[in-house]
Every structure is written in structure tokens, then in C-alpha cells.
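Undergrad: Here it is, the structure in full.
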Amino acid sequence: MLTRMSIVATVLACAGVAARADFMASSIQSAYWASGPTTAAPGQAFDLDYNTIRQQYTIKDIAQVNLTFEASGLDFGHLKVTLNADPNIVYSFPETAPGQLVYALYDPNWINPSTIPYGKSPIDGLWKAELMDGILSGRLWVEGVTAGTPSGCTFAATTTFVVPEPGIWALLALGGPAALRRRRDHRRTAAPR
């Protein structure tokens, strides 16, 4: 038979486990330019809006950002990106195939880097700060163009957010009072001896 103290201890133990029960939610946003990429700073502005996922979940952290860039018909050396959070810092990502880039920024607390089969590096606080407000914005351009004339270019960022599992908290909120009520109901119906 459960006592109130054991029920409270069970609920508190479950709350400790629930605090660590997180899941991942991903969203992809992209920008397209018909003119192709610029080849010098300050580059083309982009704003990728993740507020739809922020409206569905409370964002706890950023686990990974997969960057893709495609400029068909253009060979380039590096994609350069600055973020609005600090436009003085320039990130450089190498071309991974002719006219293409695939690169991952990951948090080693959430993502095992050995599972990423392409270019990767740990995500820094500036990218996380930029994404936590729901908008990834900055500027981009390519450098080291060796050949080609692009008909357009696309930049996309698939972002994986860490969100707390809401279902466990709901179960705790409903389960604790229900267990106490069952105990009281059992006392009322038990026959005296």
C-alpha cells in the first residue's frame, strides 16, 4: 500500500527523470535567389524564420544545424556567412561538390559527430543565440569562383531543436493527485475489522 510520503517520493523521482526527458524537433527553412550568389562581402541578406516551431514547443537548446547551399553551374571554393548577431565574424564553409555545399554545425552534448557523414564542426554560441529568437538572419557570398554562371542559388538550414517532453509533465501532474485520490477512496470503502 502506498503512503503519502512514498507517493510524493515517487513523483519527485519521476520529476527528476522527466527533467531529462527531451526530444528533437527539426525544421527546414530556405532562401532562393534567381540571380545567383554574390562573390564579395557584404553578400546577400537572408532571413530564415523558425517561429512556427517556436510556437509549438519551448526551445531548450539547438542540437544541430545542417547547412546546404546550391548554385548549379558554379564552382566555388567557400561559402562565407555572417550572422546578424555579430556581422564582424565571418564563417567559411568549403564547397563539398561542384556547385554544392553540405555542412553540419552540431552540439556534442546532443549529437555524436561520428554519425555525420559530411563536413562538420561544433556549433558555437553565436549560431545558437541567433537561432533562439526564432530567426536565422545574416548575409552570404561565395569566394574562389573558378568556373560557371549560375542560374540561381538556394541556401537552406535544417535546424534540430531540443525541446522538453511535455507528455511526462502532464502525466506527473495528473498521476500524483489520482494516486492520492485512489488511496482515500480505498480507505472509505474498507470495512472495519
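Any read-out appearing in this document is the output of simple, stated calculations on the displayed coordinates, not a laboratory observation. Predicted, not measured: the structure shown is a model, and the values here were computed from it. Counting neighbours? That spans all protein chains shown, and the Cβs are built from the backbone with ideal geometry, glycine included.
Undergrad: If you take the beta carbon distance between Met132 and Tyr32 as r and set R0 to 25 Å, what does 1/(1 + (r/R0)^6) give as a FRET efficiency, to the nearest 0.05?
TA: Once rounded, the FRET efficiency stands at 0.50.
Undergrad: Where in the range 83-126 does the amide nitrogen come within less than 17 Å of the point 7 Å from the Cα of Met24, taken along Cα to Cβ?
TA: Once the point is set 7 Å along Cα→Cβ of Met24, 103-124 turn out to lie under 17 Å by backbone N, inside the range 83-126.
Undergrad: For the range 23-163, report the translational diffusion coefficient in µm²/s to the nearest whole number, using Stokes-Einstein at 25 °C, 0.890 mPa s, and a Kirkwood Rh over Cα pairs.
TA: Answer, rounded: 160 µm²/s.
Undergrad: Could you tell me the center-to-center distance, by alpha carbons, between the range 114-148 and the range 29-67 in angstrom?
TA: 9 Å
Undergrad: Same structure again: How high is the FRET efficiency between Ser72 and Thr158 when r is their beta carbon distance and R₀ equals 25 Å, given to the nearest 0.05?
TA: Computed FRET efficiency for Ser72 and Thr158 comes out at 0.80.
Undergrad: Something else now. Enter the mean projected area of the convex hull around the alpha-carbon atoms of the range 106-169, in nm², rounded to one decimal.
TA: Hull-based average projected area comes out at 7.4 nm².
Undergrad: Oh, and also: Normalised by the residues of the range 23-163, what does the relative contact order come to in percent, with Cα pairs under 8 Å and at least six apart?
TA: 48 percent
Undergrad: Mind giving me the nanometre distance, one decimal, between the label points for Trp110 and Asp86, set 7 Å out from Cα along Cα→Cβ?
TA: 2.1 nm
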